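Report on the structure given below.
What follows draws every value from the coordinates through simple rules; no lab data is involved. For clarity, every value in this text was computed on a predicted model and none was experimentally measured. Ideal geometry is used to build each Cβ from the backbone, glycine not excepted, and the neighbour counts take in all protein chains shown.
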Amino acid sequence: MRAKREYRDRAEEQVAVLDALVDRAEGGMTVFELRAAVDADIDRLEEALADLKGDGLISVEEEGGRTVIMPDERVVPDPGEAPEEEESLIDSIRERFGL
C-alpha cells in the first residue's frame, strides 16, 4: 500500500519510509526493518525519519522492549479508499526532475 497522495510530494527517502510504514501500519517497523525496506544509506534514512517526525507524520513508540516507528493515521489511506493507480505521466516527470 502507498501513503496518501498528499504526502507523496516529499524527498524520495521520506516517501519510501512512509510507504513502508503504511504497509505495516498496524505493528510499525523498527529502524532495522526500515533499513531493509528503504533503499537509502543510514544517514539519509536518519534524516528522513527526523524530518517526518518533525512534521508529525510518524511517531516512535516503545512496544514490548523494542522501539517501533508508526505512521500517523492521516498518512494511511482509508480501507475503503481505492488504491492509487500506477504513477501518472506528470508524477513521473515530477519525480524525474525533482519537482
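If we sort 34-42, 61-69, 8-16 on the protection proxy, mean other Cβ atoms within 10 Å, highest first, what's the order?
Highest-to-lowest ranking by the protection proxy: 8-16, 34-42, 61-69.
So if each residue of separation counts as 0.36 nm, and I subtract the Cα-Cα distance between Arg35 and Asp55, what length gain in nm does that give?
Residue separation times 0.36 nm, minus the Cα-Cα distance, leaves 5.1 nm.
What number comes out for the charge environment of Ile42, summing +1 per Lys or Arg and -1 per Asp or Glu over other residues with Cβ under 13 Å away?
Once positives and negatives cancel, what remains is -4.
So if each residue of separation counts as 0.36 nm, and I subtract the Cα-Cα distance between Asp43 and Lys4, what length gain in nm does that give?
11.5 nm
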